[in-house]
Amino acid sequence: MQRLQDRVAVITGAGSGIGLATAHRFAQEGAKVVCVDIDEEAGAKAATDVGGLFVKADVTSEDDVQRMYATAIEVYGGLDIAFNNAGISPPEDDSILETGLEAWRRVQEVNLTSVYLCCKYAIEHMRRRGKGSIINTASFVAVMGSATSQISYTASKGGVLAMSRELGVQFAREGIRVNALCPGPVNTPLLRELFAKDPERAQRRLVHVPVGRFAEASEIAAAVAFLASDDASFITASQFLVDGGISGAYVTPL
Ligand SMILES: NC(=O)c1ccc[n+]([C@@H]2O[C@H](COP(=O)([O-])OP(=O)(O)OC[C@H]3O[C@@H](n4cnc5c(N)ncnc54)[C@H](O)[C@@H]3O)[C@@H](O)[C@H]2O)c1
């Protein structure tokens with residue numbers, strides 16, 4: 001499929017995981033991909049692998065965010081797709097009983113303030129052209145509570161979801177679509193390592209997944225490519241769940 005032929009896409013957090021898989025998928029579908037990451041080595045490798053452009057940026061910096069779009073426009077001539085995906089979930093962010101203000105604020109900055117900045121400046125460019133698709137990475141924890149809490153992470157993703165909905169509504173008549181992507185748990189190296197060490201921890205989570213496994217990053221990337229493309233032309237302001245049925249489940253199959 002070449003649904004994104006010659007579209008210019010900026011992906012934050014493109015050096016790893018969901019962002020990296022999406023960079024590959026976008027490139028396969030014909031997009032010109034700008035890979036943004038704070039990790040120079042990983043981001044540059046991603047860009048080389050997909051024949052795109054690397055921009056080193058910290059998404060919590062207003063100057064960096066403005067610069068990454070300016071570079072995309074300068075090199076590729078426009079901005080069609082913004083996938084605002086960079087995020088963190090550090091171990092210091094835990095139960096509300098344990099989590100200090102510094103950890104709380106850091107997660108809010110990277111996961112939520114960054115999305116505010118990335119949307120603010122993407123929308124500015126997209127309004128001029130009267131079109132664009134923005135996909136913001138939230139999470140299934142934006143719609144469900146977890147007893148294994150990461151309180152600032154969850155609150156940040158709830159913020160991403162509400163902000164995406166509001167922007168989707170506000171700019172719908174200007175041809176700009178804004179959707180919140182809500183992935184379930186994804187099979188990342190970090191997750192594999194954690195669960196190999198602690199199978200009980202993995203089982204506690206897996207029991208809630210009707211499909212019976214975690215997602216592959218490529219499965220999340222497929223959903224992002226759909227939302228980015230004209231196939232999703234009537235989808236905006238949505239909470240787009242890609243969660244293997246977790247949020248719909250009461251009792252799961254044995
Ligand atoms: N992995 C999951 O199970 C899962 C589930 C639901 C939602 N998510 C969300 O999906 C997104 C991507 O997750 P992932 O698992 O692919 O993560 P990852 O850690 O594999 O990749 C995140 C990338 O973002 C980059 N990054 C971090 N801080 C940055 C900053 N300040 N500026 C620029 N780049 C920065 C990192 O260097 C890294 O390359 C995150 O928003 C995460 O919260 C992940």
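List of remarks:
- Taking the stretch 217-254 as the range and being within 22 Å of residue 9 (Cα to Cα), in a loop (DSSP other than H, G, I, E, B) and touching a residue at least 60 places away in the same chain (Cβ under 8 Å) as the test, the residues that pass are 229, 236, 237, 238.
- Hits in the stretch 60-90 (condition: buried (at least 24 other Cβ atoms within 10 Å of the Cβ), in contact with a Lys or Arg (Cβ under 9 Å, 6 or more places away or on another chain) and not hydrophobic (A, V, I, L, M, F, W, C)): 87
- Strands (runs of 3 or more DSSP E) contained entirely in the stretch 15-115, each with at least 1 residues that are more than 11 Å from the ligand (Cβ to nearest atom) and within 19 Å of residue 223 (Cα to Cα): 32-37, 81-84
- Residue in the stretch 157-165 that is within 14 Å of the ligand (Cβ to nearest atom), closer than 20 Å to residue 13 by Cα, at pLDDT 95 or above and in a loop (DSSP other than H, G, I, E, B) present: no
- Residue within the stretch 198-212 that is part of a helix (DSSP H, G or I), open to solvent by less than 30 Å² (accessible area, probe 1.4 Å) and within 13 Å of the ligand (Cβ to nearest atom) present: yes
The values are calculated or read from the model by the stated rules, or taken from the named source; none is laboratory data. Because the structure is predicted, anything quoted here is derived from the model rather than measured. Neighbour counts run over all protein chains shown; Cβ positions are idealised from the backbone, glycine included. The protein model used for the area step is the full one, side chains on, heavy atoms only, and it has no ligands, DNA or RNA in it. Shrake-Rupley method; radii C 1.70, N 1.55, O 1.52, S 1.80 Å.
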